[in-house]
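One structure is given below, encoded as structure tokens.
Derivation of every value follows stated rules applied to the coordinates shown; laboratory data play no part. All figures in this text were calculated on a predicted structure; none of them were measured in a lab. Cβ atoms come from the backbone with ideal geometry, glycine included; neighbour counts cover every protein chain shown.
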Amino acid sequence: MYMKTLAQKYNLHARARFRHEVKQLEWLEESMKWEVNVLDSKTNQRHSLRYDFVFCGTGEYHLPNSPDIFSSFKGSMMHSAEWNPEFQLEGKTVAVVGSGASAIQIIPSIAQQVGKLLSYQRTPAWVISRLQFNIAPWMQWAFATIPGIRRLYRTSIYLANEIQYPAFQIQGLLSHVARPIAILLVCLSNEYYPALMRDNVEVIRDDIIQVTQDSIVTKDRRDKIDVLILATGFRIHEYFGPMEIVGRKGENILRKWKVDGPSIYLGIVSHLMPNLFFIHGPGVDLGHNTGLFTIECQVNWILQMVNEMEGQGASAVSVKESVEQAYMLRHQRDMKNTVWSSNDCGSYYANSQGLITIVYPRSQIDYWLRTLKFNPDNFEFLIRR
Ligand SMILES: Cc1cc2nc3c(=O)[nH]c(=O)nc-3n(C[C@H](O)[C@H](O)[C@H](O)COP(=O)(O)OP(=O)(O)OC[C@H]3O[C@@H](n4cnc5c(N)ncnc54)[C@H](O)[C@@H]3O)c2cc1C
């Protein structure tokens, strides 16, 4: 609702180019601009545009992870991130594979309409109930009339989430609670368990050992299904892929990051990519609070940086390599103190080298304080010759 209101307020829909996929960003050293190569999927034409600044908000959870084993299925199949509303689910036998944040939303939404729902669950999610109640008339009155009360209410919700942060520290008293949560992320739902209790819903805990063109096979059973829904997560370590970014000195950033892990200051900027700002990029995800506030912190910080750059008459701004390296060292050091780094946790967030590159190791208030004020000393301001 909040995001929809903002999009309306700033008329963002009129400015958006829908069905345009950015294929490549290339930093042009001489003109200090980014060349953006775009595919218009309506016309299938590619074209290039040049920009002074690029904000990259491509998300972390957008590349579907569809395990190969399912490719032999020949019926209707979709990943949760590629939902096809045309699929007929009424009366059908539907399998939902996965039991994370996507599955716990999908299962209650479709359980009523399908004939039979088979929920294939490898690791059960940690589900807690959502604080959801009708706003009583006296509260509505208070929200409408007493100045500051809505802000106070929202702040109390925020702080109730934020105080859960110590649970994610290994030495924290609450870490034994957070460890399982960090493996899968905690899921909030009041509808998931009631959906699982329905007569037409069955939970299957055995590993899937084979998928044929119309069935899923486990050690004890073979189920013929009409529709297969994969709630099997995302390829989070491909960062902004499959888009390519060619930064300073012709460096192919994604290829480099896939090998070395991302190197990024505050999860926003990298010395290899002047004037390119990541929004909710690598290293800022949280297990306990909202990503929206992180995004707002980042945007405020970036605007200060751009103002400073303009004030200095520069054409581009780039974080100093030494500052970025020191930040990344501290990020990895702090990460060692979190439950994500413990042996039984973190597999989802760890890259091929075992580095946890997705989450922020400290509290969100810490991130807010770090991004409150832009420090020009940490940056190079580049002047176009
Ligand atoms: C099931 C699920 C539950 C979640 N629950 C929460 C939660 O409770 N709280 C929370 O804070 N976060 C939650 N998240 C994380 C959530 O994804 C982020 O907080 C939020 O969506 C981040 O917004 P974003 O704009 O950065 O990315 P996204 O919402 O992922 O948006 C990225 C956009 O960029 C587009 N894009 C990507 N590549 C290109 C390209 N090359 N060219 C053009 N466009 C491109 C994508 O199509 C997409 O529209 C959840 C995620 C999932 C999957």
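Rounded to whole numbers, the Karplus 3J(HN,Hα) couplings from phi for the range 215-230 are 9, 10, 10, 10, 5, 10, 8, 10, 10, 7, 10, 9, 10, 10, 10, 9 Hz, using 6.51 cos²θ - 1.76 cosθ + 1.60 with θ = phi - 60°, and x at Gly and Pro. Karplus-based coupling profile of the range 6-16, in residue order and whole Hz: 5, 4, 5, 4, 9, 6, 5, 4, 5, 8, 6, with θ = phi - 60° in 6.51 cos²θ - 1.76 cosθ + 1.60 and x standing for Gly or Pro.
Pairs exceeding 18 Å between alpha-carbon atoms, taken from Lys9/Lys373; Lys92/Lys116; Lys33/Lys249; Lys336/Lys373: Lys9/Lys373; Lys336/Lys373.
Run the helix sum for the chain: -39,500 (n - 2.57) per DSSP H stretch of 4+ residues, divided by residue count, reported at 222 nm to the nearest 500 deg cm²/dmol. Display every interim value, and only then the final one.
Values: 11 runs with 111 residues, N = 385.
Value at 222 nm, helices only, nearest 500: -8500 deg cm²/dmol.
Give, as a single signed number, the net charge of other residues whose beta carbon lies under 13 Å from the beta carbon of Ser41, with Lys and Arg counted +1 and Asp and Glu -1. Please report the intermediate quantities before stating the final value.
Numbers: positive: Arg17, Arg19, Lys23, Lys42, Arg46; negative: Glu21, Asp40.
With Lys, Arg at +1 and Asp, Glu at -1, the net is +3.
Measuring nothing but alpha carbons in the range 277-385 and taking Rh as the Kirkwood radius, the Rg to Rh ratio lands at 1.02. Could you work out how far the C-alpha centroid of the range 1-60 sits from that of the range 221-239, in angstrom? If you average the Cα positions of each part, the centres end up 30 Å apart.
Placing one equal scatterer on every Cα of the chain and applying the Debye formula, the log10 ratio I(q)/I(0) at q = 0.06, 0.08, 0.13 Å⁻¹ is -0.29, -0.52, -1.28. The alpha carbons of the range 184-330 stretch over 68, 35, 28 Å along the principal axes, in descending order.
What's the long-distance tail for the range 1-126, i.e. % of Cα pairs beyond 25 Å? Present the calculation step by step, with values, prior to reporting the outcome.
Values: 3948 of 7875 pairs.
Within the range 1-126, distances greater than 25 Å cover 50 percent of Cα pairs.
Counting only Cα atoms, the size of the range 2-49 along its three principal axes is 39, 28, 14 Å, in decreasing order.
Determine, for Trp340, Trp141, Trp368, the number of other Cβ atoms within 10 Å of each Cβ, and report the residues in order from fewest to most. Present the calculation step by step, with values, prior to reporting the outcome.
Numbers: Trp340 24, Trp141 10, Trp368 16.
Neighbour counts put them in this order, fewest first: Trp141, Trp368, Trp340.
Below 8 Å between Cα atoms, with a sequence gap of 6+, how large is the relative contact order for the chain in percent? Provide the component values of the computation, followed by the final result.
Numbers: 651 pairs, mean separation 79.7, N = 385.
It rounds to 21 percent for the chain.
Quick check: the angle from helix 149-162's long axis to the longest principal axis of the chain, C-alpha only, nearest 10 degrees? The answer is roughly 80 degrees.
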